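See below for the structure under consideration.
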Amino acid sequence: MHKQPRIKNRQLLSALSAIGFACYGQVHAADAIDNAENPAALQTVTVTAQKRAELARDVPAAVSAFSGKDLREGGGNLSAGAVMDLVPNASGPTNDGHVRTRWWIRGIGSGDQSSNLVSPVSFYIDEVYLNSPLLSGVPPFDVRQVEVLRGPQGTLWGKNTTGGAVSFTTNKPSFKPEGYLKAEVGNHDSHIVEAAAGGALKEDVLAGRISLYSDSSNGYARNTFQNKAVGKKEEDNLLRLQLLANLGPDLQALLSFHARDYHGSGDALQGLGLGAGGTNLYGYVLPPLGTADIATNAPGNDRLRNQGAALTLRWSLGRNELTSISSFERVERLINSDGDATPLEISRSHAEITARQAAQELRLASPRSDQLNWIAGLHYFKETLDNDSAAGALPGAQTIKTPTGTIPFTYNNTRLHQDTSSYALFGSATYNFSERFNLTGGLRWTSETKEIALDRVANSGAAAYRNTASWWQRSSVSSALATTAAQNDEHTWKAATWDLTPQYKFNQDVSAYLRAAKGFRGGGYNGGVTTQSTVAVVSPEYLTSGEAGLRTAWLDNRVTADVTAFYYDYKNVQLNQVVSTPTGPVSRLTNSAKAKAHGAEFELAAQLTQGLRLNAAVGLLRSEYTDYGAFTGNEFGRAPHVNALLGAEYRQALANGGEALLSSNWNYRSRYFFATNNETDPNQQQPAYTVGNLKLSYLPPGKKVTLTVYVNNLTDRFYKTNAIPYGNNVIGYSNSDPRTFGLSAVYRW
């Protein structure tokens, strides 16, 4: 049985020494307010973690906030998860191009591949909860700020927040003309164009904003078997339209539409044979590959389309404010890929996924300045999901002979339909006993119903096809098919979640808080069934946390230092075990485990001079499954013991009235495991690594233009971002981006 090693001081020292002379500068405060009276002070940060705009230093919670401006004026093709590289004890790998982000905060996350299970870290854009994993990979374009909330957020942010929440807030229309245009070119034939423009359509009554984003790339990897370039994505086009209307002195409406069209070559999965000499089950030696190359025979392509709309109404009712958010989303994905990560015709896959969601939230809030202030509301959500996926080995496609003979022709198809509906009542109140001491408490009651209809068929005997061009359709198979799994279930789960937070302000620069909270992730079904024995119903999981935080500012706000410590009691944990078998990977979904975790986060920012800013952060984490059968004592997946961030930004005024800016950030992660049930397999571990980025910018006089040269992954550090057990004695890897560099220009008006 694997037991956790102790964190030793040399681990932390090696983490800091690896990045000690680096610079860290791409992280600025979100929604920052300039300190005109003290230009050498740090910028003041405003966040909405408690559904109100307030100073970050006054919020009794672990929140990391970032400016969309800095994300835009950085470099490279950013995914939604890229911001997690700037948060201690967090990560957001995006392995399927920009299709899906897998969120992890303090070791809480999900690597499940099924389309019907949701992450325990919830994702929001403009306060709209996006349930489908396919909506989580959108590039952060024309974003005003990004907030990452660590720890359970079950009161104000809802279900599926046992790990935390990630919230994007876009730039809204204004009544004065404004906008920007960004153009970028980089290696691997990468191109990005991003733009936004807006202003008054009718003075003081109606304003509009249009935002555009387009990027393309030829990919950085090569398929040595097919002799063509592959990569994480090829083309991504997005559009957002917003209208802001003052319908009266007390009523404002914001109407938003957005659309996305993405297509790429699919994820580049590198196969490794686990047998003697790198062989698979059939004795075939998988070809040696470069760090980014793959060798597969089946065609890969990925197409995703998304459309959505939201209407937000804000109505002043005397001293209180009523907020209504109505939203609709539709996303479709069509993907073809190699299902075995080898040049052999063992398995290829095809999937068509459609998800539609509608949601309504109503909130009534009292003024924050009241001695007793509160927020109360209700939330309704509905989603319909359809997933039709198939896998097969086709006759006539076999081009390589194996030492053990012919690979059998196979076929299977799974059809899944799932309906989800939930509603919740919630409230949160803060009572100020004095100017220094306050107490916040919140409660949410949720009821969720999920109904599933699933059936899976597979070949009975050798599979035969009458139409290999559309091999994934059941009508294309001429041989007999047998039902291997079926499920028709409906379940309703109800849960109460809460939080309680006393806060004490020693003075305007130093405050401390204690926070106890409970969150839950809704129940569900195993969408990756292979046999009837893998059909499963999982109950909700629950996480109760205790957190203590200290927020400090020093030297007229030139230095801020924050410390957060936490303890997690995790019960009924939903776990997906993917086990490799001779006939293919088997997915088993369970929630019988109990677990605990504890850790700390240290964050420091210092404005040493008017031009030089330093930042540092360290995340420490220990996790353990305390009741998980043979895996008791194992750690959480993707939970490194140490995560350290360090860097700086230096600004220099130039004689011509312009400005130069040099910045860099470095991220260290100690060793971690991809899956808790495979800790003893070195092929499913990622050793410690450090990655750094560098950026040099020039702002001509007037500072309406920013010219930037950037290098990401400066040292060309190679590391794995995912490991997937396949059948046939093969494991597949998703790998990191190599060194990328480019030039960008931004013009603002």
### Task
Output yes when any residue across segment 676-690 is in a helix (DSSP H, G or I), surrounded by fewer than 17 Cβ atoms within 10 Å (Cβ to Cβ) and over 25 Å from the mean Cα position of the chain (by Cα), and no when none is.
yes
### Query
Does at least one position in segment 697-706 carry a residue that is in contact with a Phe, Trp or Tyr (Cβ under 6 Å, 6 or more places away or on another chain) and touching a residue at least 60 places away in the same chain (Cβ under 8 Å)?
no
### Task
Scan segment 647-664 and give yes if some residue there is in contact with a Leu (Cβ under 8 Å, 6 or more places away or on another chain), of a type outside the set (G, A, S), assigned to a strand (DSSP E or B) and crowded, with 22+ Cβ neighbours inside 10 Å, otherwise no.
yes
### Query
Considering only residues of segment 170-190 that are surrounded by fewer than 17 Cβ atoms within 10 Å (Cβ to Cβ) and modelled with pLDDT of 95 or more, which is farthest from A310 (Cα to Cα)?
V185
### Task
Return the residue satisfying two criteria in turn: it lies in segment 358-368 and is assigned to a strand (DSSP E or B) and out of contact with any Gly (no Cβ under 9 Å at 6 or more places or on another chain), and of such residues it is nearest to G427 (Cα to Cα).
Q360
### Task
Select, from T449, T501, the only residue that is of a type outside the set (A, V, I, L, M, F, W, C), crowded, with 20+ Cβ neighbours inside 10 Å and part of a strand (DSSP E or B).
T501
### Message
So for segment 606-617 (the condition being surrounded by fewer than 19 Cβ atoms within 10 Å (Cβ to Cβ), at pLDDT below 95 and among the β-branched types (V, I, T)), does at least one residue qualify?
### Response
yes
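Being of a type in the set (K, R) and either surrounded by fewer than 24 Cβ atoms within 10 Å (Cβ to Cβ) or within 15 Å of the chain's Cα centre (by Cα) (or both) is the filter; apply it to segment 114-167 and report the residue that is farthest from E383 (Cα to Cα). It would help to see each step written out before you state the result.
Of segment 114-167, the ones of a type in the set (K, R) are 144, 150, 159.
Next cut, either surrounded by fewer than 24 Cβ atoms within 10 Å (Cβ to Cβ) or within 15 Å of the chain's Cα centre (by Cα) (or both) only: 144, 150.
Working: R144: 28, R150: 26 Å.
If we take residues in segment 114-167 being of a type in the set (K, R) and either surrounded by fewer than 24 Cβ atoms within 10 Å (Cβ to Cβ) or within 15 Å of the chain's Cα centre (by Cα) (or both), then R144 is farthest from E383 (Cα to Cα).
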### Message
Cβ contacts < 8 Å: first residue free of Cβ contacts under 8 Å to residues at least 60 places away in the same chain and under 19 Å from A359 (Cβ atoms), restricted to segment 408-429; second residue surrounded by 21 or more Cβ atoms within 10 Å (Cβ to Cβ) and acidic (D, E), any location; separation 6+ or different chain. Result?
### Response
S421/E448
### Task
Name the single residue, out of those in segment 369-407 being modelled with pLDDT of 95 or more and assigned to a loop (DSSP other than H, G, I, E, B), that is nearest to F437 (Cα to Cα).
Q371
### Query
Of all residues in segment 66-122, which are part of a loop (DSSP other than H, G, I, E, B) and of a type in the set (D, E, K, R)?
E73, D96, R100, R102, R106, D112
### Task
State all residues of segment 298-335 that are farther than 19 Å from L243 by Cα and within 23 Å of the chain's Cα centre (by Cα); if no residue qualifies, say none.
N301, D302, R303, L304, R305, N306, R330, V331, E332, R333, L334, I335
### Task
Can you tell me which residue within segment 505-527, out of those that are of a type in the set (K, R) and within 25 Å of K450 (Cα to Cα), is surrounded by the fewest Cβ atoms within 10 Å (Cβ to Cβ)?
K518
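If the requirement is being closer than 19 Å to A458 by Cβ, assigned to a strand (DSSP E or B) and among the aliphatic types (A, V, I, L, M), which of these qualifies: A351, A424? First the steps, then the outcome.
On the way: A424 fails: closer than 19 Å to A458 by Cβ.
Among A351, A424, only A351 is closer than 19 Å to A458 by Cβ, assigned to a strand (DSSP E or B) and among the aliphatic types (A, V, I, L, M).
So that you can scan it fast, the table gives a plain yes or no per residue for (1) touching a helix residue (DSSP H, G or I) at 6+ places or on another chain (Cβ under 6 Å); (2) closer than 30 Å to Q508 by Cα; (3) surrounded by 15 or more Cβ atoms within 10 Å (Cβ to Cβ); (4) modelled with pLDDT of 95 or more:
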| residue | (1), (2), (3), (4) |
| --- | --- |
| F437 | no, yes, no, yes |
| G461 | no, no, no, no |
| V477 | no, no, yes, yes |
| A480 | no, no, no, yes |
| T483 | no, no, no, yes |
| Q487 | no, no, yes, yes |
| E490 | no, no, no, yes |
### Task
Sort out which residues of segment 194-220 are closer than 25 Å to G266 by Cβ and under 23 Å from the mean Cα position of the chain (by Cα), and write them in order of number.
E194, Y213, S214, D215, S216, S217, G219, Y220
### Message
Tell me the residue from A90, A56, A29, A82 that is among the small types (G, A, S), under 30 Å from L543 (Cα atoms), at pLDDT 85 or above and surrounded by fewer than 24 Cβ atoms within 10 Å (Cβ to Cβ), please.
### Response
A82
### Query
Counting only residues that are closer than 12 Å to L550 by Cα and not small (G, A, S), how many does segment 51-66 have?
4
### Message
For segment 601-646, give me the residue count where each residue is under 30 Å from E541 (Cα atoms) and part of a loop (DSSP other than H, G, I, E, B).
### Response
11
### Task
Go through segment 317-376 residue by residue and tally those that are at positive phi and buried (at least 18 other Cβ atoms within 10 Å of the Cβ).
1
### Query
In segment 106-156, which residues are of a type in the set (G, A, S) and over 27 Å from R748 (Cα atoms)?
G107, G109, S110, G111, S114, S115, S119, S122, S132, S136, G151, G154
### Task
Specify which of the listed residues (L543, L550, L575) is in contact with a Pro (Cβ under 9 Å, 6 or more places away or on another chain), assigned to a strand (DSSP E or B) and touching a residue at least 40 places away in the same chain (Cβ under 8 Å).
L543
### Inter-residue pairs, beta-carbon under 7 Å, first outside any strand (DSSP E or B) and in segment 476-489, second surrounded by 18 or more Cβ atoms within 10 Å (Cβ to Cβ), 6+ apart
S476/Y465; S478/Y465; S479/N459; S479/A463
### Residue among A90, A82 that is touching a residue at least 60 places away in the same chain (Cβ under 8 Å) and aliphatic (A, V, I, L, M)
A90
### Query
Which is among the small types (G, A, S) and under 30 Å from K494 (Cβ atoms), of S422, S389?
S422
### Message
Can you name every one of the strands (runs of 3 or more DSSP E) wholly within segment 175-263 that holds 1 or more residues which are among the β-branched types (V, I, T)?
### Response
178-186, 190-202, 206-216, 228-230
### Query
With respect to I294, is the statement that it is in contact (Cβ under 8 Å) with a residue 24 or more places away in the chain, buried (at least 17 other Cβ atoms within 10 Å of the Cβ), under 26 Å from G727 (Cα atoms) and out of contact with any Pro (no Cβ under 9 Å at 6 or more places or on another chain) true?
yes
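The values are calculated or read from the model by the stated rules, or taken from the named source; none is laboratory data. All values reported here derive from a predicted model rather than from experimental measurement. Because the Cβ atoms are built from the backbone with ideal geometry, glycine has one as well, and the counts that use them run over all protein chains shown.
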